[in-house]
Amino acid sequence: MDEKVRLLENINFHQLAAQHPSLDQFFVGSQYNFDTHEGLIELAQVILLEYFQLKVQLDKTRLCPRIPNRLKYLRLVGSLVEQFKLGDSPLILDIGTGHTCIYPLLGSRLTSWRFIGTDIDERSLECAKKVLEENNVSSERIQLKLVRSGDDPFMDIENCDVVMTNPPFYDETGIKQNKPEKPVLVGKPTELATEGGESQFIINMINHSVKYPGRNTVYSSLVGKYNSLEPVVGKLKELNITNYGLSEFSNKTKRWIVFWTFNKNRPSDNIRMIKRSTFNPEKHEIFIPLKNKINLVDFLSSIQRTTIERENEVIVFKTKGIVWSRKFRRTNGTNFLKEKGLGSIFRITELETKIKIHWCYGDDRAVFESLLGLITRKTQQSSGEPL
Ligand SMILES: C[S@@+](CC[C@H](N)C(=O)[O-])C[C@H]1O[C@@H](n2cnc3c(N)ncnc32)[C@H](O)[C@@H]1O
């Protein structure tokens, strides 16, 4: 997927037009003109054909998908599938799949994932069905489903691994006040606007998702406005959902993706933090400066009722609670089984001047913070001193 993203970021429009003369009319001087809806539609169709061997006739009255952006979201879904360990053929639910079911369509060309695309617009789903038939995509790979606005989108979909959506952008007032954008955003009102805008759409998803805390599903949504992050992240915090992340990508305009889950895997921070934002979640990866050289393996092995394994350079440390605490010793371990199942898992790497600790599994941050404190204190002691 990375390679396709790179290809689309570096399109030579003159070369593309030489192979697809239908693009010629949209050049202004030597530059491709992205400011008309028709120009964007033609370009999207050509990109789908040239880079994905997909024949798609886009409806000129509907929203035109920007293929490079759609691909970047799919790439993030790929990282989520990998980091949350969701297997080789995960089931992806695309809410509001639109008239070409663009995410499932591209996904079916590039991955082995299965998709369910839902929409409230019957005509869009009919169009999407035709697109799938014309491109020989089997209904085993992509199912389409008509839903009603306001329904719980997750009710009947228990085994869904990742949820993705590009929600309608505006609220009821926003669409009316829509300043002339370049290009003018063309689409059916229900594609462009929703009650309360995109932030309310995502908040509704969050509210529905908390009904299923036992599922491993990773929920995600595209966010079109930075201002939407505040209410969305506010809702996640209000509901105590700590396993969330933000991702950012830009072409001409910036877009964000928010994701959250009740899955206990804790992905690395490089897919869950954006630059300089107060909306970022708390870190899963912390570096501790190495003041004194310590034998980390010996030290961690000496902690009773924990296990360590080596994976090349990485030490995998597992514990079912803060078993090294005074409180634990005093109470003789009565709170030992506080963390059920696998407990907490950390991947610890000794680097030249620091130790990297990645909390990669668990639901009790207190264990992570206590372990950080324990290792920090150990590295600050001169060798031989007791803890
Ligand atoms: C911004 S468009 C996205 C279309 C397509 N996924 C894309 O990225 O180009 C939003 C889509 O969500 C659909 N939609 C709006 N409310 C919905 C809801 N409650 N459930 C499912 N789909 C909805 C609209 O009909 C529209 O197709």
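The values are calculated or read from the model by the stated rules, or taken from the named source; none is laboratory data. Given the structure is predicted, the values throughout are model-derived calculations rather than measurements. So basically every Cβ, Gly included, is an ideal-geometry build from the backbone, and we count neighbours across all protein chains shown. Just so you know, the surface numbers come from the protein's heavy atoms only, side chains and all, with ligands and any DNA or RNA stripped out. Shrake-Rupley method; radii C 1.70, N 1.55, O 1.52, S 1.80 Å.
Would you confirm, using the coordinates I've provided, whether Thr111 is out of contact with any Gly (no Cβ under 6 Å at 6 or more places or on another chain) and buried (at least 16 other Cβ atoms within 10 Å of the Cβ)? Yes.
Of all residues in segment 92-102, those satisfying the criterion of being within 6 Å of the ligand (Cβ to nearest atom) and either part of a helix (DSSP H, G or I) or over 16 Å from the mean Cα position of the chain (by Cα) (or both) are Gly96, Thr97, Gly98, Ile102.
Of the residues in segment 75-86, at least one is assigned to a loop (DSSP other than H, G, I, E, B), among the charged types (D, E, K, R) and on the phi > 0 side of the Ramachandran plot. Only one of the listed residues (Gly245, Gly224, Gly196) is of a type in the set (Gly, Ala, Ser) and out of contact with any strand residue (DSSP E or B) (no Cβ under 9 Å at 6 or more places or on another chain). That residue is Gly196. Among the numbered conditions (1) open to solvent by 50 Å² or more (accessible area, probe 1.4 Å); (2) under 30 Å from Leu76 (Cβ atoms); (3) not in a strand (DSSP E or B), the only one that Phe287 does not meet is (3). The set of residues in segment 120-144 that are more than 19 Å from Asn159 (Cα to Cα), open to solvent by 20 Å² or more (accessible area, probe 1.4 Å) and either small (Gly, Ala, Ser) or touching a helix residue (DSSP H, G or I) at 6+ places or on another chain (Cβ under 8 Å) (or both) comprises Ile120, Val137, Ser138. When residues in segment 324-348 are screened for being of a type in the set (A, V, I, L, M), open to solvent by less than 30 Å² (accessible area, probe 1.4 Å) and at pLDDT below 90, 0 of them pass.
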